[in-house]
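Peer 1: Submitted below is the structure of interest, expressed as structure tokens.
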Amino acid sequence: MSLRTLADLDVTGKKVIVRLDLNVPMDGAVITDDGRIQAALPTLRELRARGAALIILTHLGRPDGQHDGKYSVAPVAERLGELLGVPVSTIDAVVGDLATHAADSCEPGAILMLENVRFDPRETSKDANERQTLAMEWAALADCYVGDGFGVVHRKQASVTELAGLLPHAAGLLIEAESTVFTRVLQDPQRPYAVVLGGAKVSDKLAVIEHLLTKVDTLIIGGGMCFTFLAALGHNVGSSLFEADQVNTVTAIMKHAQERGVSLVLPVDVVAADRFAAGAAAKVVPVSGIPEGWMGLDIGPESAQLFAAALDDCKTVVWNGPMGVFEMPAFANGTRVVAEAITQVKGLTVVGGGDSAAAVRLLGIDKAGFTHISTGGGASLEFLEGKTLPGLVALEA
Ligand code: AMP
């Protein structure tokens with residue numbers, strides 16, 4: 001089955017409830033990267049141009065089912081209003097009388113953002129009945145539903161799955177674009193096909209690594225997750241990120257890669273620091289020479305060149321997770337070199353994952369150098385794992 005698209009949905013003069021993923025990084029009330037808000041604009045513009053009134057749902061952070069002003073969507077609504085050039089009104093409620101009243105008074109073209117959906121514990125409840133009751137309250141506010149939060153399509157949550165089932169629905173332009181690209185990568189990658197993985201935790205990505213071994217020609221591993229691989233190879237990783245309970249699994253992964261003829265590329269040097277801080281003492285050392293008590297916070301320059309060379313002749317590249325602590329300039333070089341190498345690839349290049357996309361923006365790398373920058377980290381990995389994504393199934397015909 002295929003996704004229903006905006007073209008399939010009659011929205012003129014209707015109230016449309018739109019689930020977005022506007023979960024942007026914040027420093028207090030300041031948005032530090034508005035990429036996800038930017039990515040939501042085309043759908044919102046199209047719906048307004050077609051005469052719909054919009055009721056927006058999003059989550060922000062992890063308020064754990066509690067109303068917590070720290071996670072209010074107000075700054076997000078304000079930024080969205082600036083970008084669209086129209087006011088986005090907010091209310092201090094997720095559902096209930098206040099929401100009903102505000103939704104009732106929405107005229108065509110108006111935009112209302114309800115409070116953080118995760119203020120209501122039913123949004124993420126494991127109990128389908130609880131999710132359904134919340135979804136029914138939202139469904140009563142609108143005539144139809146547009147799902148455009150790609151970052152949450154791997155979640156079974158009231159505003160993502162149950163709500164779509166209660167109203168005429170369609171995928172927004174972002175989800176449509178994201179799923180087109182990832183379907184292409186999953187089903188018909190041009191070869192050589194390489195995946196570059198980084199980020200903090202190896203355990204988060206083990207399932208995808210296992211699956212990718214059946215698909216890719218080259219798997220490149222940097223970031224904090226490489227240290228569990230290096231430790232499994234017998235290196236002393238000092239105080240680097242290291243998941244001791246994953247060593248056996250990682251050893252098996254390396255064996256599988258060899259059996260399948262997948263080239264698994266690991267760092268040969270790292271930037272080691274004496275503590276986790278922007279101003280830490282730092283030096284480049286071979287992976288066999290991380291001093292006791294020091295931690296690898298970036299791949300070293302030789303590794304960055306090695307990774308870039310491994311990408312050189314690729315026709316498909318997917319990158320998920322930074323190569324180091326790119327947020328600190330002293331440890332951003334590996335991520336920068338690898339990202340720039342990906343922009344030079346002649347073929348389909350996809351940046352998956354919130355942190356990798358944030359790195360592209362923070363490091364000022366030309367976005368136009370990539371075929372696609374995804375808004376979904378976990379969602380894009382689960383897509384590439386070949387998993388069924390409940391939030392996409394809910395948007396099918
Ligand atoms: P993830 O959410 O798993 O993709 O992890 C992203 C985070 O991993 C970023 O905030 C990076 O700062 C962090 N990271 C990358 N490399 C390292 C490293 N070598 N040590 C500690 N953290 C790292």
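The values are calculated or read from the model by the stated rules, or taken from the named source; none is laboratory data. Just so we're clear, the structure is a prediction, and the values are computed from it rather than from any experiment. Every residue, glycine among them, receives a Cβ derived from its backbone with ideal geometry; neighbour counts consider all protein chains shown. Only protein heavy atoms, including side chains, enter the accessible area calculation; ligands, DNA and RNA are left aside. Shrake-Rupley method; radii C 1.70, N 1.55, O 1.52, S 1.80 Å.
Peer 1: Can you give me the long-range amide H partners of His67? Hydrogens built in the peptide plane at 1.01 Å from N, cutoff under 5 Å, separation of 5 or more residues or another chain.
Peer 2: none
Peer 1: Something else now. Can you list residues whose amide H is under 5 Å from Val265's amide H, if they're 5+ apart or on another chain and H is modeled 1.01 Å from N?
Peer 2: Amide H to amide H, under 5 Å and 5 or more residues apart or across chains, Val265 pairs with Leu219, Ile220, Ile221.
Peer 1: Work out the charge dipole of the chain with +1 on the Cβ of Lys and Arg and -1 on the Cβ of Asp and Glu about the Cα centre, then indicate which of Leu20, Ala379, Phe119 is farthest towards its positive end.
Peer 2: Ala379
Peer 1: Zone of Lys315 (label point 7 Å along Cα→Cβ, backbone N under 19 Å): which residues in segment 372-394?
Peer 2: Within reach of a label on Lys315, which here means backbone N under 19 Å from a point 7 Å along Cα→Cβ, segment 372-394 contributes 372.
Peer 1: Figure the gain on full extension for Lys387 and Thr100 (residue separation times 0.36 nm, minus the Cα-Cα span) and round it to one decimal in nm. Don't jump to the answer; show the numbers that get you there.
Peer 2: Values: separation 287, 0.36 × 287 = 103.32 nm, distance 3.64 nm.
So the extension gain works out to 99.7 nm.
Peer 1: Using the alpha-carbon atoms, what tilt in degrees (0 to 90, nearest 10) does helix 35-49 show relative to the longest principal axis of the chain?
Peer 2: Roughly 30 degrees between the two axes.
Peer 1: Right, next: Which order do you get for Met328, Met1 if you rank them by accessible area with a 1.4 Å probe, largest at the top?
Peer 2: Details: Met328 30, Met1 175 Å².
If we order Met328, Met1 from most to least accessible, we get Met1, Met328.
Peer 1: Principal axis lengths of segment 6-173 from Cα atoms, whole Å, largest first?
Peer 2: Computed over segment 6-173, the largest-to-smallest principal extents equal 36, 36, 30 Å.
Peer 1: Here's another thing I want to ask about it. Treat every Asp and Glu Cβ in the chain as -1 and every Lys and Arg Cβ as +1, leave all other atoms uncharged, and give the resulting dipole magnitude about the Cα centre to the nearest 20 debye. Could the numbers behind the result be given before it?
Peer 2: On the way: 32 positive and 47 negative charges, 129 e Å.
Here the chain has a charge dipole of around 620 debye.
Peer 1: Another question, if that's okay. Tilt of helix 74-84 relative to the longest C-alpha principal axis of the chain, in degrees (0 to 90, nearest 10)?
Peer 2: 80
Peer 1: Roughly speaking, to the nearest percent, how much of segment 6-173's 1.4 Å accessible area is carbon and sulfur?
Peer 2: Numbers: 3330 of 6810 Å².
Its accessible area is 49 percent carbon and sulfur atoms.
Peer 1: Only Lys, Arg, Asp and Glu count, each charged at its Cβ (+1, +1, -1, -1), so figure out the dipole size of segment 109-182 about its Cα centre, rounded to 20 debye. The partial results should precede the final answer.
Peer 2: Numbers: 6 positive and 11 negative charges, 44 e Å.
For this selection, approximately 220 debye.
Peer 1: Then there's this: How big is the equivalent ellipsoid of the chain along its three axes, where each semi-axis is √(5λ) from the Cα gyration tensor, reported in whole Å from largest to smallest?
Peer 2: On the way: eigenvalues 317, 96, 73 Å².
Output for the chain: semi-axes of 40, 22, 19 Å.
Peer 1: Scan segment 209-291 for GluC sites (Glu not before Pro) in coil per DSSP, keeping those whose Cβ has at most 11 other Cβ atoms within 10 Å, and list them by number.
Peer 2: Counting only loop positions with at most 11 other Cβ atoms within 10 Å, none of the GluC sites (Glu not before Pro) in segment 209-291 qualifies.
Peer 1: Given the Cα-Cα distance of Ala281 and Arg260 and 0.36 nm per residue of separation, how much length would full extension add, in nm?
Peer 2: Extra length available between Ala281 and Arg260 comes to 3.5 nm.
Peer 1: I need the Kirkwood Rh of segment 278-397: take the reciprocal of the average 1/r across all distinct C-alpha pairs and report it in angstrom. Present the calculation step by step, with values, prior to reporting the outcome.
Peer 2: Working: mean 1/r = 0.0637 Å⁻¹.
With all distinct Cα pairs of segment 278-397 included, I get 15.7 Å.
Peer 1: Residues of segment 6-173: accessible area per residue at 1.4 Å, in Å²?
Peer 2: On the way: 6810 Å² over 168 residues.
Roughly 41 Å² per residue, with all protein chains present.
Peer 1: Would you mind pulling out the separation of the Cα centroids of segment 84-127 and segment 231-271, in Å?
Peer 2: 46
Peer 1: Given Cβ point charges of +1 (Lys, Arg) and -1 (Asp, Glu) and nothing else, what value in debye, to the nearest 20, does the dipole of segment 136-221 about its Cα centre take?
Peer 2: On the way: 7 positive and 10 negative charges, 81 e Å.
Computed about the Cα centre, the dipole is about 380 debye.
Peer 1: May I ask for the longest run of the chain untouched by trypsin sites (Lys or Arg not before Pro) that are loop-located per DSSP and have at most 10 neighbouring C-beta atoms (other than their own) within 10 Å? The partial results should precede the final answer.
Peer 2: Working: sites that count: Lys126, Lys346.
It works out to 127-345.
Peer 1: Right, another one. Mind checking the full-extension length gain between Asp188 and Asp245? Use 0.36 nm per residue of separation minus the Cα-Cα distance, one decimal, nm.
Peer 2: On the way: separation 57, 0.36 × 57 = 20.52 nm, distance 3.47 nm.
The Asp188-Asp245 span can extend by a further 17.1 nm.
Peer 1: At a Förster radius of 22 Å, what calculated FRET efficiency corresponds to the Cβ-Cβ distance of Met26 and Glu46, to the nearest 0.05? Walk me through the intermediate numbers first.
Peer 2: Working: r = 27 Å, r/R0 = 1.24.
Once rounded, the FRET efficiency stands at 0.20.
Peer 1: Hey, another quick one. Can you spot the lysines whose alpha carbon is less than 21 Å from Lys215's alpha carbon? Ignore those fewer than 8 places along the same chain.
Peer 2: Hits, sequence-local ones excluded: Lys205, Lys255, Lys315, Lys346, Lys387.
Peer 1: Can you give me the pair-distance distribution of segment 180-384, C-alpha pairs, 10 Å bins, whole percents?
Peer 2: Going out from 0 Å in 10 Å bins, segment 180-384 shows 9, 39, 38, 13, 1 percent.
Peer 1: Which percent of the accessible heavy-atom area of segment 180-384 goes to carbon and sulfur, probe 1.4 angstrom? Please list the in-between numbers first.
Peer 2: Details: 4120 of 8130 Å².
Ligands and nucleic acids excluded, carbon and sulfur give 51 percent.
Peer 1: Once phi is turned into ³J(HN,Hα) by the Karplus curve 6.51 cos²θ - 1.76 cosθ + 1.60 with θ = phi - 60°, what whole-Hz value does each residue of segment 10-27 show in order, with x for glycine and proline?
Peer 2: 8, 10, 4, x, 9, 8, 10, 8, 10, 8, 10, 10, 9, 7, 8, x, 10, 10
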